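Here is the structure we will look at.
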Amino acid sequence: MASNMISATRYAWLQASDLHKEVYQHLALYVPKIYCLGPNLNPSSEDLLAPLLLLAPLEWYLLGEEPALALARLENSSQPSQLCGHVFKVGEPTYSCRSASHTPDVHKHMTTSGGGGFCDCGDTEAWKKGPYCHKHQANSSDCSLQDPLAQLSEDMVARGYNIFSVVLKYAVDMLTWDKEDLLPPGDRGDTYYCMLFNDEVHTYEQVIYTLQKAVNCTQKEAVSFATTVDREGRKSVRFGDFQFCDQAKAVIVRNTSRQSRPLRVQVMHSSVVAHQCFALRTLTWLGHIIASSDGLRRLLCQVGLQNGPEGENSSLVDTLMLCDSKMWKGARNVYHQLLMNSLLMDLKYKKLFALQFAKNYESLQSDYVRDDHDREFSITDLSVQIFTVPSLARMLMVEENLMTTIIRTFVDHLRHRDLQGRFQFERYTALQAFKFRRVQSLIGDLKYVLITRPTEWSDQLREKFLEGLDSFLELLKCMQGMDPVVRQVGQHIEMEPEWEAAFTLQMKLTHIITLMQEWCSTDETVLIRAYQKCLTALSQCHGGFTDGKQPISLSLAGHMVDTIRYPVSQERVSIHLPVSRLLAGLHVLLSKTDLANRSPEQLPLSELSPPMLIEHPLRCLVLCAQVHAGMWRRNGFSLINQIYYYHNVKCRVEMFDKDIIMLQVGASMMDPNHFLMVLLSRFELFHIFSSADCRRRYRDANKDVVQQNNTLIEEMLHLIIMIVGERYVQGVGQVEASDDIRREIIHQLSIRPMAHSELVKALPENENKETGLERVIGSVALFKKPGVTGRGLYELRPESTKHFNLYFHHYSRADQSKAEEAQRKLRKQNGEDSALPPPCPPPLCPLLAGVVGLLQSDVLLAVVSAVLQWTTEPSGGHWTESMLQRVLHLVAMALLEEKQQLESSSGDDDITFTFNSKISRPGEAPSTSGSILALLESLQNAPHLEAHKDMIQWVLKMVFTIKTMREQHTASTSAVNATGERDQAERKRKAEMARLRREKVMAQMCEMQKHFINENKELFQQTYALTGGPLAEDPEVLVCVGPRLPGPGPRRRQVVTCILCQEEEEVRAAGRAMVLAAFVQRSTVLSKNRTRSPPDPEHHDPLFMHPDLAFATHTASCGHIMHATCWQRYFEAVQAKEQRRQQRLRVHTSYDVENGEFLCPLCECLSNTVIPLLGGAQGTIQPSLEAWIKSSCHQRASPAGPPSPVPDQNQQTQSGPPSAPPDQSHLQGMITTFGTATYKVGLKVHPNDQDPRVPVMSWASCAYTIQTIVFHLTEYTQCVCVCVCVCVALVPGASSANTPCILDIDMFHLLIYTSVCVSSSALPEVSSGWQLWRCVQSGLLPFLRSAAIFFHHLNAVETPPELHVAGPDQWEALCSYLSLPSNLLQLYYRERSRGLDSGSRFVSSSFPRESNQLIDLPEDYSALINQASSFTCPRSGGDKSRAPTLCLVCGALLCSQSYCCQTEVEGHDVGACTAHTYSCGAGLGLFLRVRESQVLFLAGKTKGCFYPPPYLDDYGETDQGLRRGNPLRLCPERYRKIQKLWQQHSVTEEIGHAQEANQSLVGIDWQHL
């Protein structure tokens, strides 16, 4: 019947004159009958009926035959595309090559996809080399010239065009349906849906609460609704008539409109919803159809991009794009997927689609800014797939002026300006701030367009780029001088001004400015015109910078300059100067290309005004100096933050560095004396150096003013050092690009050894998020691999230390201090002096060669002379050692410069640098007290300058060296050699003196050590005896149990100290009770059956522990001792404190006082009880093994309950929440406290010390704790647990039917309680009796070790030395120590004497007891990512889990941190991980968050912490969050450390320490993970 209907429908469509009408009538008839017939929008019947009644006729019409056969034939005949086109799923691992890829955002080795992008394999423009993988290599032939439609018949082309036009038009009409008063044709029922749409404003909690009130649903139903809305974008929350749905809509809008805009709710007719559901199905169907044939894909592309009757930009694809913001998330995802599978996979139509995208760009971005969905769900996110293709980007720049469009669209959205037209962010509302964050995506699009620099320029490309540069300069002009600051005097600023938005904009534009400069560098014509345009823009901004300012004339050292008075401490100053900095970058490019020398007539160098160029960058640097001097304290933290980011690695490339370059440009074009006088004027220091008497009068000024001026002088000298010495930028100095990175690395490693990630953070990134570190790191540093903890570190090579510069311009003051200390320490270790002279700088480029003149200018010599004169006076506070240090550094730089000129010159005429002669003759230097050289010679022996003596001597030696070089210029002279010999002799003399001092100190220490040993000889002998030396040897055999147990001897006196009151106390029964802080917890570490459900606490009998140890109780202690009374007072104080704190804060802490938890007062380990400290045990007469077993038989046969070793305390049964510990100070009370704690925690019940199970739980905890210790201390290579039952009396008989079988009892637990040493296990197949006996021995060893530990502490008998180390003698020693037979013959005769040889039965059962391990993890972390990417949420209908989490105990994958998988545990809703801990780990869990590469520890519902993962990259570092993307490998040592924490039950303690160290962890809702 269905086939007949399909045939009839197909025939009718083939004969129809209006196919559009026929198909619409068919859909109008069947779609409402299949879809949306009830509250559920996607019933299972839809999946059965829709393909049969709706899609099958479409396929038969299109293909003309059986669809499956036709599609297979088309797929076989179609040429496979050279493009992979695989669309990444959320969380799927992606890879790329740093050296081969063009795309910036997929440029790391390994990362996880956020979904939506597709594979670039086969795209030749996405890769620099090797664009094909092994799957696409064979198909790499260029098929773009062939028409895919030629592979299809003409009839199929016609049918395909018709049906694609109808279906795509139907889907577009339905998905963009906005006619609420009209309905699609067809059956019009009277049912409606109240449709709730997703937004990114309201939280899950708000939506859940609102839905519960609006539609009267349960919380679980509301959670399901909210989860679907978040995943799909919309969800029907009510189904019925219009009024019924409208009521729910009104409630939802009213409840969500109080604090923000309301949730989007719409009452929709069921017919509209039905057609929209099928429209999404048709888009998915189209994607499936075109995947089989490139011809069908080309056909669909033609239909989608064909203009409609409205004319241009009216195609179906245009309609979808322009209505993108009106659609819900699910619809967007489906049609975005179709666009990527069709238009972006066809190279011809990819260009046409790119043109349409660029034409609609402004409208699309405006819609996105108004929308509230994340960018990944917006059509604008496809820009990365278009703009990163170099050919498309060039085409769009030329044909659609894309660069200008993006910039103007961005500027149009930033409409808030001040009176001067500059951006103003100060009064941004929350909505405006939200739009500002969204509009920043346009900067990312501009980066995509510029990411690949052109190799060939056309005239059109030049014009469009320069037009875009004009728009970009208009943007920068709006930023030039924005957010100016004025120094607050007298009163602190009342409100911190807004500064973050401006710096956010600056950081976003940093890479754009760099890319603009790189584009200009590839074409000289573009560079010259760009330089002219930038200079014009700067003149428009600051051409009249002298207007309204007071002109002044400055005179110093015989030189005079005219300038303006501009005190930075009184006037307005701005940090934001992007136009000036762009001009500095372009000027450096001119210097690099040497255009100034080759074509000076084309450059506007004559129009440059050096005072205008340096004015504003100089003001900015003076502002930083004054802030460091403490002059702007009243301006608050906003200015401090601006200064921080000005120097920060994220901004400094286009801010601080460019300001230094601009000052270098100005200094090279100005007279050096004039430049320095302007510098002194802006620093407001000119009056200090202008006269000889001013400094003396200035000493009597305010101390704060003197200190501020001292700091300003230091900052000014440092600035001069940077202007002259920073030459490692191409175009400033004659260097390579890698030299700058190498220098950065050297100075970072001069502070301390650093990890790879630290170095990466300290280095600036380019537009591809690369630092260039890997290219040069091997030449300057050595890599040191990490251990079990820590990270791999890079250490500076010894030969690289010669490049260290103390005044490196990227050092902060703290970094400079650390580097100086580290380098002086290193030089001291190497036997060198403490001088840190500057390294030899590279030569300057010709255009900036005039900068060197600053070093020998008269004004600088005057400043140097003045500072040296001040330092001759040891007191007064008018100079600082940092000031002197900077002056010496400047002098050293000048001497090195002169030395380099002498070495590179061919004659005296080439040498223009005469610094040495100027400082040697008094007449040359403007000083009245002798030459600078004379001052230095007088200072080298000054006692108050001892710290600078080595540096002064270095300077004087360099002066002598240069003098000698000038005398004998042709070659190295003997004087230089003599100087070197004297240096070497001096170093040897100092090294010898240091060696003698060390030997003297070591001799003194050795003598003191011998004297101490002689005086305390008895103490050392006692210690030796206790550690097992000859004094402790005992020829008798040590026995800890049985009839040979030695009688009671003299009790050893034990004295301990209370950690609270610090009083000493002897441990004895009649003394004050002493306790140990302890922590009791449930455990499954040794569990062999994790499927067993937890026992019923009310009816569980803990007497017989099952050998699978599914659930047990563990006790641990930190070992710190307290008086019981001291502990009680401490715990009561903690309770009172927490009650007061909770009333104020109402937040969790790392411990729960209401549950009896506290922190150890000394080590802060988590504790919840105390263990009483007993005195030394008195030996008792022990029975023989036969008597022991008979006694146990009587106990087993007795119908009475288990005897309690703790007497009745006559206390009432407690119920409800636990209170403070019992107020008892005697020993019995502490025993009761401990027993109650093990009972309460182990069974999860309220305390009840009358329950007979209390003592049983104590002994069970003791047994389990000993077992975990034995399993942890003993590493088994092959553990075969074999235990033999030797007594028929322990096998239950008919008289004890209620007693569990001996095979279902853990023997060591039974030993602890009944002192019966019996266990059983199956014997493996063996080939000989000897092998059988070896198996028995190896199986019994863990049990015997546990028993030995127990009886050692119970009876206080020393252990034999053979048990201290693992070895073959342990069997005999253990049997002897436990009074057991050591071989089968002894066992046989002992049992035969009891008459049991004929009737004994040997019962065996198999339960191999091995030490549990965490699961095995794969070596490569990408295997885990692949595993997680295929994991679907078990409750979301196949939806991918957002946070897949792996349990390290059992290997289960869980959907963590999601409402969909929350369950109820003990009356609370908890996440999947927390719920899993109760079934797998008794409330404790260890998980690996796969997509975050992070280990998660959970303990209960309120405790948790994050822990470093066991996966490391090649640099020995973890990558939590997968931010760096380096390949990760498993580190077995780190994984063993995590396993050790688990096996030792230290996870809870680790969580406690982490939460105490980081209080932010306490506020995390761990129960929702």
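The values are calculated or read from the model by the stated rules, or taken from the named source; none is laboratory data. Computed from a prediction, not measured in an experiment: that's the story for all the values here. Counting neighbours? That spans all protein chains shown, and the Cβs are built from the backbone with ideal geometry, glycine included. These area figures cover heavy atoms from the full protein model, side chains too; ligands, DNA and RNA do not enter into them. Shrake-Rupley method; radii C 1.70, N 1.55, O 1.52, S 1.80 Å.
Scan region 778-795 and tell me whether some residue there is more than 17 Å from ARG752 (Cα to Cα) and touching a Ser or Thr at 6+ places or on another chain (Cβ under 6 Å). No: region 778-795 contains no residue that is more than 17 Å from ARG752 (Cα to Cα) and touching a Ser or Thr at 6+ places or on another chain (Cβ under 6 Å).
The residues listed here are LEU515, LEU469, LEU461; of these, the one that is part of a helix (DSSP H, G or I) and either closer than 22 Å to LYS650 by Cα or without any contact (Cβ under 8 Å) to a residue 60 or more places away in the chain (or both) is LEU515. Within region 400-427, the set of residues being of a type in the set (Phe, Trp, Tyr) and more than 14 Å from SER441 (Cα to Cα) comprises PHE423, PHE425. Just for region 191-203: of the residues that are surrounded by 16 or more Cβ atoms within 10 Å (Cβ to Cβ) and at pLDDT below 85, which one is farthest from TYR35 (Cα to Cα)? Applying the filter and picking the extreme gives HIS202. Taking region 814-836 as the range and being open to solvent by 30 Å² or more (accessible area, probe 1.4 Å) and over 31 Å from the mean Cα position of the chain (by Cα) as the test, the residues that pass are ARG824, LYS825, LEU826, ARG827, LYS828, GLN829, ASN830, GLU832, ASP833, SER834. Let me confirm something: among PHE357, PHE387, which residue is of a type outside the set (S, T, N, Q), free of Cβ contacts under 8 Å to residues at least 40 places away in the same chain and surrounded by 23 or more Cβ atoms within 10 Å (Cβ to Cβ)? The conditions single out PHE357. Beta carbons closer than 6 Å, at least 6 apart along the sequence or on distinct chains, pair a first residue in region 984-1000 that is within 15 Å of ASN830 (Cα to Cα) with a second that is outside any helix (DSSP H, G or I) and open to solvent by less than 90 Å² (accessible area, probe 1.4 Å) for ARG987/GLY831; ALA991/GLY831.
A search for C-beta distances below 6 Å between a residue of region 14-25 that is assigned to a helix (DSSP H, G or I) and any residue that is open to solvent by 70 Å² or more (accessible area, probe 1.4 Å), counting only pairs 6+ apart in sequence or on different chains, returns nothing. If the condition is being open to solvent by 10 Å² or more (accessible area, probe 1.4 Å) and either of a type in the set (A, V, I, L, M) or not in a helix (DSSP H, G or I) (or both), then region 390-416 contributes MET395, VAL398, GLU400, ASN401, VAL411, ARG415, HIS416. Note on region 764-809: residues that are touching an Asp or Glu at 6+ places or on another chain (Cβ under 9 Å), open to solvent by 50 Å² or more (accessible area, probe 1.4 Å), closer than 24 Å to TYR646 by Cβ and of a type outside the set (Lys, Arg) total 0. The numbered conditions (1) among the hydrophobic types (A, V, I, L, M, F, W, C); (2) open to solvent by 20 Å² or more (accessible area, probe 1.4 Å); (3) touching a residue at least 60 places away in the same chain (Cβ under 8 Å); (4) in a loop (DSSP other than H, G, I, E, B) are all true for LEU419 except (3).
Filtering region 1250-1262 to residues that are over 48 Å from the mean Cα position of the chain (by Cα) and closer than 17 Å to ALA1078 by Cβ leaves only PRO1255. All but one of (1) without any contact (Cβ under 8 Å) to a residue 24 or more places away in the chain; (2) farther than 19 Å from ASP1469 by Cα hold for VAL229, so report the exception by its number. Just one mismatch for VAL229, condition (1). For region 1540-1569, the set of residues classified as farther than 22 Å from ALA1475 by Cβ, at pLDDT below 85 and in a loop (DSSP other than H, G, I, E, B) consists of ASN1558 only. With a requirement of 1 or more residues that are under 20 Å from GLN540 (Cβ atoms), the helices (runs of 4 or more DSSP H) lying completely within region 553-671 that satisfy it span 578-593, 610-628, 656-669. Restricting region 779-813 to residues that are within 26 Å of ASN648 (Cα to Cα) and in a strand (DSSP E or B), the residue that is nearest to the chain's Cα centre (by Cα) is LEU793. No other residue among GLY1471, GLY1467 is over 19 Å from GLY1521 (Cβ atoms) and either touching a Gly at 6+ places or on another chain (Cβ under 7 Å) or without any contact (Cβ under 8 Å) to a residue 60 or more places away in the chain (or both) apart from GLY1467.
Counting just the residues of region 838-855 that are open to solvent by less than 30 Å² (accessible area, probe 1.4 Å) and not aliphatic (A, V, I, L, M), which one comes out nearest to LEU939 (Cα to Cα)? By that ranking, first place goes to PRO838. Restricting region 452-479 to residues that are under 35 Å from the mean Cα position of the chain (by Cα) and either open to solvent by 10 Å² or more (accessible area, probe 1.4 Å) or of a type outside the set (A, V, I, L, M, F, W, C) (or both) leaves a set whose member that is farthest from LEU392 (Cα to Cα) is ARG453.
Table: residues versus (1) touching a strand residue (DSSP E or B) at 6+ places or on another chain (Cβ under 8 Å); (2) open to solvent by 40 Å² or more (accessible area, probe 1.4 Å).
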{"residue": "PRO1097", "(1), (2)": "no, no"}
{"residue": "MET1105", "(1), (2)": "yes, no"}
{"residue": "ALA1110", "(1), (2)": "no, no"}
{"residue": "HIS1114", "(1), (2)": "yes, no"}
{"residue": "CYS1118", "(1), (2)": "yes, yes"}
{"residue": "HIS1123", "(1), (2)": "yes, no"}
{"residue": "CYS1126", "(1), (2)": "no, no"}
{"residue": "TYR1130", "(1), (2)": "yes, yes"}
{"residue": "ALA1133", "(1), (2)": "no, yes"}
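Let's see how each residue does on (1) surrounded by fewer than 19 Cβ atoms within 10 Å (Cβ to Cβ); (2) modelled with pLDDT of 90 or more; (3) among the hydrophobic types (A, V, I, L, M, F, W, C):
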site: GLY189; (1), (2), (3): yes, no, no
site: CYS217; (1), (2), (3): yes, no, yes
site: ARG234; (1), (2), (3): no, no, no
site: VAL237; (1), (2), (3): no, no, yes
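One residue stands out in region 1411-1432 among those that are out of contact with any strand residue (DSSP E or B) (no Cβ under 6 Å at 6 or more places or on another chain), in a helix (DSSP H, G or I) and of a type in the set (A, V, I, L, M, F, W, C): the one that is nearest to LEU1086 (Cα to Cα), namely LEU1424. State all residues of region 263-319 that are touching a Leu at 6+ places or on another chain (Cβ under 7 Å) and without any contact (Cβ under 8 Å) to a residue 40 or more places away in the chain; if no residue qualifies, say none. Answer for region 263-319, where residues must be touching a Leu at 6+ places or on another chain (Cβ under 7 Å) and without any contact (Cβ under 8 Å) to a residue 40 or more places away in the chain: just VAL317. The requirement of being within 29 Å of GLY850 (Cα to Cα) and out of contact with any Gly (no Cβ under 7 Å at 6 or more places or on another chain) is fulfilled somewhere in region 814-824, by at least one residue. Right, ILE721: farther than 30 Å from ALA862 by Cβ and open to solvent by less than 10 Å² (accessible area, probe 1.4 Å) or not? No: the conditions fail for ILE721.
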